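S.K.: Sharing a structure with you now.
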Amino acid sequence: MTLEITGRSAAEIAASVRGLIERGALTPGDALPPVRDLADDLGVNRNTAIAAYRQLTQAGLVVTRGRAGTRVADLTAVAQEGFAADSVLRDVATGNPDPALIPDQSRALAGVVGHRVLYGEPVIDRDLERWADGWMRADLAPADVRLTVTSGAADAVERLLSQALVRDDAVALEDPCFLTSIHTVRVGGYRPVPVPVDDEGMTVAGLRAALEQGVRAVVCTPRAQNPTGVSLSERRAEELRAVLREHPYVLVIEDDHFSMLSRSPFRSLIGPEHKRWALVRSVSKFLGPDMCLAVTASDPDTADRLAMRLTPGTTWVSHLLQRLTVALMSDPTVATGIAHAGQHYADRNAAFAARLTSLGIPTHAGDGLNLWVALPVGAREVSELLMRRGWLARTGDEFSLGSVPSAHRLRLTVHDLDDADAGRLAADIAAAVTSAGGRLNPRRME
């Protein structure tokens, strides 16, 4: 059966399938005929059918799933981070930093204006480059380090993947995974390969299996993994480096998004001899999401490829923003505030985890802005019951790539709740679990 697919050349066949998709005859998830069957039905060479599917894949209209065949691409939007602007519920799903802990920029702004930047000037502000060099180089094993500045970490990861991959290339992603990474891979037309995350980080068996499937890039969060809060142990980092030693040309991207706020040491997957790598650090978690700036340290070849996509005067990052970052990071009061913010997030998350544990929902506070809460019942039902009590929570299945069960998980952002609201939310979660048929095992806190 050809689903009315017609054509004699690859271009004609691809155009026919495109037309079926545009008319709604083929919908997201629908399977296309196997290449051999399509070629036989149309009376064309098998390579012609392969070329047609390749054109459709490169256009982002279909995806290949190995033994699952070729299917119409699902263009459904991925859930995004941030607060729900139109909700009347108390939002504990935002993933946002506390605005009260973001430094005041007014004084620093006054000192960075005046210098007029023109087309053709260096992409990286010299003062920012000097500061960033010390920030990045101290945690890297490779000796040859080059710096690039992008408009945030998501921009950096998107550019890094696009300079190294083509549509339908496989990318290893942590599972459960940061929502922005899922979105970036889907929009880029790449094929996500899930690597399970346990209490020590990305698993060795999962990474090895992904490499055996031919992934061309690995995206990893070395600490404060979102949503789990897990950080790589030294043992796990060493084991992962050993696996990657056999694959030196696979692009390894480390997104150290929590960097200066983290309570965990930085442990890297990037060994001294790895050929293609990038460490990305954004300032958005501690200087504010509107400070769209990230520094990428990478190998020289990757840096050169990135530079081609950062033309002076068109796609560079504003020097005003770069100088503002330097001014803020040079202010001792800002540094003190960042340290206070990191401790605040850790303390508030630990306190809420203790509340849930005392109510019979054992919870461990990892690193980062959020809590990853395991429930004895389905999280979707609990979240619906919480909505009736005035809360908006995020369920774990939104972060799932399928290799790790997340249906019994909630991801909560609770660090900005006062004690009264934190107590009320914890009690409401316990009540929702009970209403959903779950059993609580209250423990007295030591």
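The values are calculated or read from the model by the stated rules, or taken from the named source; none is laboratory data. Everything quoted here is computed from the prediction, not taken from an experiment. Positions of Cβ are generated from backbone atoms using ideal geometry, with glycine treated the same way; all protein chains shown enter the neighbour counts. Note: areas computed on protein heavy atoms with side chains; ligands, DNA, RNA excluded. Shrake-Rupley method; radii C 1.70, N 1.55, O 1.52, S 1.80 Å.
S.K.: Work out the charge dipole of the chain with +1 on the Cβ of Lys and Arg and -1 on the Cβ of Asp and Glu about the Cα centre, then indicate which of Ser358, Ala84, Ala374 is farthest towards its positive end.
M.R.: Ala374
S.K.: If you put +1 on each Lys and Arg Cβ and -1 on each Asp and Glu Cβ, how big is the dipole of segment 354-413 around its Cα centre, in Debye rounded to 20?
M.R.: My answer is approximately 180 debye.
S.K.: Would you mind getting me the FRET efficiency between Ile50 and Gln163? Use the beta-carbon distance for r and R0 = 25 Å, nearest 0.05.
M.R.: My answer for the efficiency is 0.45.
S.K.: Which residue, Pro192, Pro272, Pro176, tops the fluctuation ranking in a GNM of the chain built on C-alpha contacts under 10 Å?
M.R.: Of the options given, Pro272 has the highest mean-square fluctuation.
S.K.: Then there is this: Tally up the carbon and sulfur contribution to the accessible surface of the chain as a whole percent, 1.4 Å probe, everything protein left in place.
M.R.: 51 percent
S.K.: Further, regarding this structure: Given points 7 Å out from each Cα along the Cα-Cβ axis, report the Arg90 to Leu320 separation in nanometres with one decimal.
M.R.: Between Arg90 and Leu320, the label points sit 3.9 nm apart.
S.K.: Report the local net charge at Asp421: Lys and Arg +1, Asp and Glu -1, summed over other residues whose C-beta lies under 14 Å from its C-beta.
M.R.: -1
S.K.: Given the peptides 398-404, 44-50, arrange them by the average over their residues of other C-beta atoms within 10 Å, most packed first.
M.R.: 398-404, 44-50
S.K.: Another question, then. From the phi angles alone, apply the Karplus equation (6.51, -1.76, 1.60; θ = phi - 60°) to segment 50-58 and give each ³J(HN,Hα) in whole Hz, x where the residue is Gly or Pro.
M.R.: 4, 5, 5, 5, 5, 4, 5, 5, 5
S.K.: Measure of size requested: the Rg and Dmax of segment 165-281, with Cα atoms as the atom set and Å as the unit; please supply both.
M.R.: Just the Cα atoms of segment 165-281 yield Rg and Dmax of 12.9, 37 Å.
S.K.: Spin-label point model (7 Å from Cα, Cβ direction): what's the Ala100 to His115 distance in nm?
M.R.: Calculated label separation equals 3.6 nm.
S.K.: Here is a follow-up. Express the accessible area of the chain per residue in Å², computed with a 1.4 Å probe while the remaining protein chains stay in the model.
M.R.: Normalised by residue count, the accessible surface of the chain is 45 Å².
S.K.: Apply the Karplus parameterisation 6.51 cos²θ - 1.76 cosθ + 1.60, with θ equal to phi minus 60°, to every residue of segment 197-208 and state each ³J(HN,Hα) to the nearest whole Hz, in sequence, with x for glycine and proline.
M.R.: 10, 10, 5, 10, x, 3, 7, 5, 4, x, 5, 4
S.K.: Got a sec? Charge dipole of segment 107-259, +1 on Cβ for Lys and Arg, -1 for Asp and Glu; which of Ala242, Gly120, Ala209 is way out at the positive end?
M.R.: Checking the options against the dipole of segment 107-259, the answer is Gly120.
S.K.: Can you compute the FRET efficiency between Ser358 and Arg389 using 1/(1 + (r/R0)^6), with r the Cβ-Cβ distance and R0 = 25 Å? Round to the nearest 0.05.
M.R.: Rounded to the nearest 0.05, the efficiency is 0.85.
S.K.: Is the shape of segment 101-175 rounded, prolate or oblate, going by the alpha carbon gyration tensor and its root eigenvalues a ≥ b ≥ c, with a/c under 1.5 for rounded and a/b larger than b/c for prolate?
M.R.: It comes out prolate by the Cα gyration axes.
S.K.: Something else: By what distance, in whole Å, do the Cα atoms of the chain stretch along each of the three principal axes, largest value first?
M.R.: Sorted from largest, the Cα extents of the chain read 72, 63, 44 Å.
S.K.: Extension gain Arg65-Arg18, at 0.36 nm per residue separation less the Cα-Cα distance, in nm?
M.R.: Full extension from Arg65 to Arg18 adds 15.0 nm.
S.K.: Further question: Between Asp127 and Ala427, what FRET efficiency comes out of the Förster formula 1/(1 + (r/R0)^6) with R0 = 56 Å and r the beta carbon distance, rounded to 0.05?
M.R.: 0.65
S.K.: Pairs of Cα atoms under 8 Å, at least six residues apart: use those to get the relative contact order of the chain, whole percent.
M.R.: Relative contact order for the chain comes out at 17 percent.
S.K.: Assign unit charges at the C-beta atoms only (+1 for Lys and Arg, -1 for Asp and Glu), then state the dipole size of segment 1-139 relative to its Cα centre in Debye, rounded to the nearest 20.
M.R.: Approximately 480 debye in magnitude.
S.K.: Report the residue, chosen from Leu392, Leu244, Leu109, that carries the largest GNM mean-square fluctuation when the chain is represented by alpha-carbon nodes joined by springs under 10 Å.
M.R.: Checking each option, the largest mean-square fluctuation is seen for Leu109.
S.K.: Additional query: Can you classify segment 13-114 as rounded, prolate or oblate using the Cα gyration tensor, where a ≥ b ≥ c are the square roots of its eigenvalues, rounded means a/c under 1.5, and otherwise it's prolate if a/b beats b/c and oblate if not?
M.R.: Prolate is the answer for segment 13-114, as a/c is 1.5 or above and a/b outweighs b/c.
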